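Asks: Mind looking over this structure? Questions follow.
The values are calculated or read from the model by the stated rules, or taken from the named source; none is laboratory data. Because the structure is predicted, anything quoted here is derived from the model rather than measured. Here the Cβ positions follow ideal geometry from the backbone for every residue, glycine too, while neighbour counts run over all protein chains shown. Remember, those area values only see protein heavy atoms, side chains included, never the ligands or the DNA or RNA. Shrake-Rupley method; radii C 1.70, N 1.55, O 1.52, S 1.80 Å.
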Amino acid sequence: MAQTLFDKIWNEHVILDREDGQTLLYVDSHFLQDGSAPAFEMLRQRGVKPRVPERAFGTPDHYVPTDSRDLASIKDPEKRAMADALREDTAAAGIEFFGLNDPRQGIIHVVAPEQGMSRPGMLIVCGDSHTSTHGALGSLAFGIGASEVAHVLATQTLWQRKPRTMHVTLNGALHPGVTAKDIILALIAKISAAGATGYAVEYAGPAIDALSVEGRMTVCNMTIEAGGRAGMIAPDEATFAYLKGRPFAPTGADWDKAVAAWRALKSDPDAVFDREVVMDVGAIAPMVTWGNSPEEALPITGRLPQPADAATPEKREAMQRTMNYMGLQPGMALGDITIDRVFIGSCTNGRLEDLQSAAEVVRGRKVAAGVEAWVVPGSGPVKAEAEALGLDRVFKDAGFQWREAGCSMCLATNGDSLAAGQRSASTTNRNFVGRQGPGSRTHLMSPAMAAAAAVTGRLTDVRDLLGSR
Amino acid sequence: MEPFTKLTANALPVARPNVDTDQLLPARYLQKPRSAPFGDFLFRDLRFNADGSEKPDFVLNKPFYRDAKIVVAEENFACGSSREHAVWALYDYGVRAVIAPSLGDIFSSNAAKNGLLTIILPAPVVAGMIEALQAEPDLEVAVDLEAQTVSLPNGPAHLFEIDPYRKRLLLEGLDELGFTLTQLPAIEAFEKTYAG
C-alpha cells in the first residue's frame, strides 16, 4: 500500500500496537531544555533513572541571560535554579549537555539541527511545542508535556494515537522580500490556528524545494501555531548538503549508507492524505499579525478588519477585545502602526540566514529614534558565523543590541521582556496576550520585516526599502 | 492519579476562541515547582490586576463560576505551548473536565495524564451550553465518563467520543509509566533489532 513520509517513519518506530488504537513508539532522540526540571523530579519521586541517556541531549535556553554567559548573574533564584537543574540532571544521568560556557549552546531547536543531531527518518521529541522544527530535516518531531518527558526518559518510548495526515502543496515562487515566515503566516491565516489540529503536516511542492533548509525549519516550526502535531518535509539534496560534515552526522561509509536510506524517505506518488491544502506562494506579500492569535495575519499592505463586519456578535466582541488589548483602531492601515521594540531571534527566526536577511535591510541605516532593537542569535555558532561575516557590526552600527544566544524575549521566561503597553515587531512565533511580558503587544513578522520596522519605527513593507537600494 | 468517573458541578463559560496556554498559565510561573499553588496562577493576568486585586469583570471572579469544576470553552482551547503547568493550574483550581469544540493536542495529552478529562463536542452544542451558563450561572453540568455523556439539567445527553486508552487512564486513575515499565521486554526486544 502506498505510504506517506509520515507513515514510513511511524512504522519504523512501532514497538507494539494495542487494540484500543494506541501505539508504543521508540524515540530516537530526546532533546531537553531548562524547563525539564519537573520531569526529572517526577523520575526522582519514583526512583527511576533515565534508561538510555545516550539518546538524550540538553542545552539551556529558556532561562539563560542574553547579556552575559554567567549563570550566577541570574538574579532570580528560581530562574537560576531552572538552568542549574538541567546541568545537574543531565550530569547525574550521563546525558550530553552544552552548558552556557560551551560555544555550541543555544536554543535547542537551533542547536540540534546545526550539530547534525536531527536527521531524516528519526523520531524526535522534546518538552517544547516548537519541536516540530526538526521535521524540516525529514524527521517526525513533536512537542510533549512534562509527564511524557519523564516517560521518555524512563522508557525511551511514548504512547501515541496515530494522527491524521495533511499534505500542504506550496506552488509558485516567492517574490523578493517575501520569506518562509510569510509562507507560514499566510498558511495559518488561511487554515486557522486550529486548522491542522490532530494532523501531522507534510509540506511539499516547488516552493518548498526552493527553500533553504533553514527556511524549511521556519515553516515546520510554526506548524504548531496551526495546531499541527508535527510538520515535516521529505529530505532532498539540500537536506543532505546541509547535514554533511556536521559534528553528529554520520561520516565515511556510514554517511553513504545513511543517504541511500534517506532517499527512500518520501511519500509515495499515490499516497493518500486525510486532507490536501494547496497554496500559491507567488500570491503572498510580506505578512504581519495584528491580533493575539497567529491566524490574525494580514499582508503589510492591508488594513485592520472592522469588528462591525464580523459574522456574529461574539466574533465582533472578540475582535474588539483584541483591538483594545493591542491598542489599535478598526480599519487602520498596518503601515500606520508605530513600534517601541524590535526582537530578531528565536527558534523560528534565529538562524544565520535570518540574521543575513535582516542585516541586508539594516545595512547603512539607523534604528529609528525611540526604538530599542535587539538581535539575539539562536546559538553560539550562529553568533560566531554572523560575526565572521561582519553582521554584528552592521547591527551595532545601526544601533541594535547584539546579544548572546537564548529564547529571550520570545516568551520572556529569562526576564527579557516588553513593558506593559509596549509594542514589538518580533520574529517569534506567538503574539498571545502577555506572551512577551504582561501587557505586551506583539506583531509577528519575518526578520527582514522586523529590520524594516526597526529603521522606520513603524510596521513597514520591506519591499519599499529593498527597492530603494 | 485520581480516577474520574462522574461529575455534576458548576461550570465556567469561556466565551472566547483560541484561549492559549499562556493565558491559562503565564510563562513566568513555569519556574515554580509542582508543589506551588498553581490554582492561584490560573488565568492569572485575566483574573487579577498587577497589584493582586481581582478584576471583577473576569468570568471566573463571578458568583457560581468561582466554584466551577468544569470549563466550557470555544474553539481551540489551550492551544500553544506544551506546558503541563496549564493542566496543573486548572486541576489545582478544582477543574476536572474541559469541554470545547476543539482543543490543543498537547494539552489534551497532558490532561489525560493528570486526571483532567477533555471532551470535544460540536461547536453548536458548546455554544448552546455557554449561552445557557451565561443566562443561569448556577446551572450544573453533568459529565458521565463511563456513558460518555454531557448534559444540562432537563436537557438531552450529548454523547462524546473519547480515545479508549485515555478513557481507561481516567476511569481507573491508571499510572501510564508504571504500565509501560511492565512492557520492558517488548522494548528491549525492539532495541535488539533496531538499526536507527
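Asks: With a ≥ b ≥ c taken as the square roots of the eigenvalues of the C-alpha gyration tensor of segment A:280-340, please select rounded if a/c is under 1.5 and otherwise prolate if a/b is larger than b/c or oblate if it is not?
Replies: Numbers: a/c = 2.01, a/b = 1.36, b/c = 1.47.
Note, shape of segment A:280-340 comes out oblate.
Asks: If amide hydrogens are placed 1.01 Å from N in the peptide plane, which non-local residues have theirs closer than 5 Å to the one on residue A:122?
Replies: Under 5 Å from the amide H of residue A:122: A:140.
Asks: Would you mind getting me the FRET efficiency between residue B:131 and residue B:163? Use the beta-carbon distance for r and R0 = 45 Å, nearest 0.05. Intermediate results must be reported in sequence, preceding the final value.
Replies: Working: r = 29 Å, r/R0 = 0.64.
Approximately 0.95, to the nearest 0.05.
Asks: Further question: Please compute the modelled spin-label separation between residue A:257 and residue B:194, points set 7 Å along Cα→Cβ, answer in nm with one decimal.
Replies: 1.8
Asks: Give the average, rounded to an integer, of partner chain Cβ atoms located within 10 angstrom of each Cβ in B:100-110.
Replies: Numbers: counts 0, 1, 7, 4, 6, 14, 12, 2, 2, 10, 5.
Per residue, the average neighbour count from other chains is 6.
Asks: Still on this model: Counting other C-beta atoms within 10 Å, and keeping those with at most 10, which DSSP coil trypsin sites (Lys or Arg not before Pro) do you find in segment A:13-116? Could you put the intermediate results ahead of the total?
Replies: Numbers: sites: A:18, A:44, A:46, A:51, A:55, A:69, A:75, A:79, A:80, A:87, A:104; in loops: A:18, A:51, A:69, A:75, A:104.
Listed in order of number, the matching sites are A:75.
Asks: Here's another thing I want to ask about it. Roughly how many whole Å is it from the C-alpha centroid of segment A:414-435 to that of segment A:1-67?
Replies: Measuring centre to centre over Cα atoms gives 29 Å.
Asks: Which pairs, out of A:257/B:192; A:244/A:266; A:49/A:244; A:79/A:396; A:181/A:257; A:75/B:32, put more than 22 Å between their alpha-carbon atoms?
Replies: Checking Cα-Cα distances, A:49/A:244; A:79/A:396; A:181/A:257 exceed 22 Å.
Asks: Another question about this same structure. Let me make sure I get this right: for segment A:101-257, a, b and c are the square roots of the gyration tensor eigenvalues over alpha carbons, sorted descending. Under 1.5 in a/c it's rounded, otherwise prolate if a/b > b/c, else oblate. Which is it?
Replies: Because a/c hits 1.5 or more and a/b fails to exceed b/c, segment A:101-257 counts as oblate.
Asks: Which stretch or stretches of segment A:13-35 have amide N atoms under 14 Å from the point lying 7 Å from residue A:162's Cα along the Cα→Cβ direction?
Replies: A:13-25
Asks: Roughly how crowded by other chains is peptide A:149-160, in terms of the mean Cβ count from those chains within 10 Å of each of its Cβ atoms? Write down the numbers at each step before the final one.
Replies: Values: counts 2, 4, 5, 0, 1, 4, 7, 3, 6, 3, 10, 2.
If you average over the peptide's residues, the count of other-chain Cβ atoms is 4.
Asks: May I ask you to give the solvent-accessible area per residue for the protein assembly as shown, in square angstrom, as obtained with a 1.4 angstrom probe?
Replies: Values: 23700 Å² over 665 residues.
Using a 1.4 Å probe on heavy atoms only, each residue of the protein assembly as shown averages 36 Å².
Asks: Straight-line reach from residue B:6: which aspartates and glutamates have a Cα under 19 Å away, not including same-chain ones fewer than 8 places off?
Replies: Once the sequence-local aspartates and glutamates are set aside, what remains near residue B:6 is B:67, B:92, B:138, B:140, B:144, B:146, B:161, B:163, B:172.
Asks: Now, a different point. Suppose each label sits 7 Å from its Cα in the direction of the beta carbon; what would the residue A:389-residue A:209 distance come out to in nanometres?
Replies: That separation, rounded to one decimal, is 2.6 nm.
Asks: For residue A:19 and residue A:101, what is the calculated FRET efficiency with R₀ set at 45 Å and r taken between the beta-carbons, to the nearest 0.05?
Replies: Working: r = 51 Å, r/R0 = 1.13.
Taking R0 as 45 Å, the efficiency between residue A:19 and residue A:101 is 0.35.
Asks: What is the diffusion coefficient of segment A:234-322 in µm²/s, taking the Kirkwood radius over Cα pairs and the Stokes-Einstein relation at 25 °C with a viscosity of 0.890 mPa s? Each step should come with its number before you reach the end.
Replies: Values: Rh = 18.1 Å.
The estimated diffusion coefficient comes to 135 µm²/s.
Asks: Calculate, for residue A:314 and residue A:81, the FRET efficiency according to 1/(1 + (r/R0)^6) with r their C-beta to C-beta distance and R0 60 Å; round to the nearest 0.05.
Replies: Numbers: r = 43 Å, r/R0 = 0.71.
Efficiency for this residue pair is about 0.90.
Asks: Which of the peptides B:179-191, A:387-399 is most tightly packed, and how do the rest follow, going by the mean number of other Cβ atoms within 10 Å of each residue?
Replies: A:387-399, B:179-191
Asks: Also, quick follow-up: Partner chain Cβ atoms within 10 Å, averaged over the residues of B:18-27 - can you pull that number for me?
Replies: Working: counts 13, 3, 11, 2, 7, 5, 0, 0, 9, 13.
Per residue, the number of nearby Cβ atoms from other chains is 6 on average.
Asks: Where a Cα-Cα gap under 23 Å defines reach, which lysines qualify for residue B:62, not counting those fewer than 8 residues away within the same chain?
Replies: Residue B:62 reaches A:315.
Asks: Could you tell me the largest-minus-smallest coordinate of the C-alpha atoms of segment A:350-442 on each of the three principal axes, in descending order and whole angstroms?
Replies: Extents along the principal axes: 37, 29, 18 Å.
Asks: For residue A:464, project a label point 7 Å along Cα to C-beta. Then give me every residue of segment A:314-345 with its amide nitrogen under 15 Å of that point.
Replies: Zone members listed by number: A:333-339.
Asks: Another one. Could you derive backbone 3J(HN,Hα) for segment B:137-152 from the dihedral phi with the Karplus parameters 6.51, -1.76 and 1.60 (θ = phi - 60°), listing whole Hz in sequence and x where the residue is Gly or Pro?
Replies: These are the phi-based 3J(HN,Hα) values: x, 8, 4, 9, 9, 10, 10, 10, 6, 4, 7, 6, 10, 10, 8, 9 Hz.
Asks: Let me make sure I get this right: for segment B:1-91, a, b and c are the square roots of the gyration tensor eigenvalues over alpha carbons, sorted descending. Under 1.5 in a/c it's rounded, otherwise prolate if a/b > b/c, else oblate. Which is it? If you can, show how the numbers build up before the last one.
Replies: Numbers: a/c = 1.30, a/b = 1.06, b/c = 1.22.
Because its axes are fairly even, with a/c under 1.5, segment B:1-91 counts as rounded.
Asks: Follow-up. From the backbone phi of segment A:409-419, what are the Karplus-calculated ³J(HN,Hα) couplings (6.51 cos²θ - 1.76 cosθ + 1.60, θ = phi - 60°) in whole Hz, Gly and Pro given as x?
Replies: Ordered by residue, 3J(HN,Hα) equals 7, 4, 9, 6, 5, 8, x, 6, 8, 7, 6 Hz.
Asks: Further question: Hey, how many Å between the Cα centroid of segment A:307-353 and the Cα centroid of segment A:211-242?
Replies: That distance is 26 Å.
Asks: Further question on the same structure: Among the chymotrypsin sites (Phe, Trp or Tyr not before Pro) within segment B:1-80, which fall in a DSSP loop and have no more than 16 other Cβ atoms within 10 Å of their own Cβ? Mind showing how you got there, number by number?
Replies: Details: sites: B:4, B:29, B:38, B:41, B:43, B:48, B:58, B:64, B:65, B:77; in loops: B:4, B:43, B:58, B:64.
Qualifying residues, ordered by number: B:58, B:64.
Asks: Could you give each residue of segment A:288-304 its phi-based ³J(HN,Hα) in whole Hz, using Karplus coefficients 6.51, -1.76, 1.60 with θ = phi - 60°, and x for Gly or Pro?
Replies: 9, 8, 10, x, 10, 9, x, 6, 8, 10, 9, x, 4, 6, x, 10, 4
Asks: Something else: Calculate the tail of P(r) for chain A: the fraction of all Cα-Cα distances greater than 34 Å, expressed in %. If you can, show how the numbers build up before the last one.
Replies: On the way: 34130 of 109746 pairs.
Summing the P(r) tail past 34 Å for chain A gives 31 percent.
Asks: Stick to Cα atoms and the Kirkwood definition of Rh, then tell me Rg/Rh for segment A:411-469.
Replies: Rg/Rh: 1.04.
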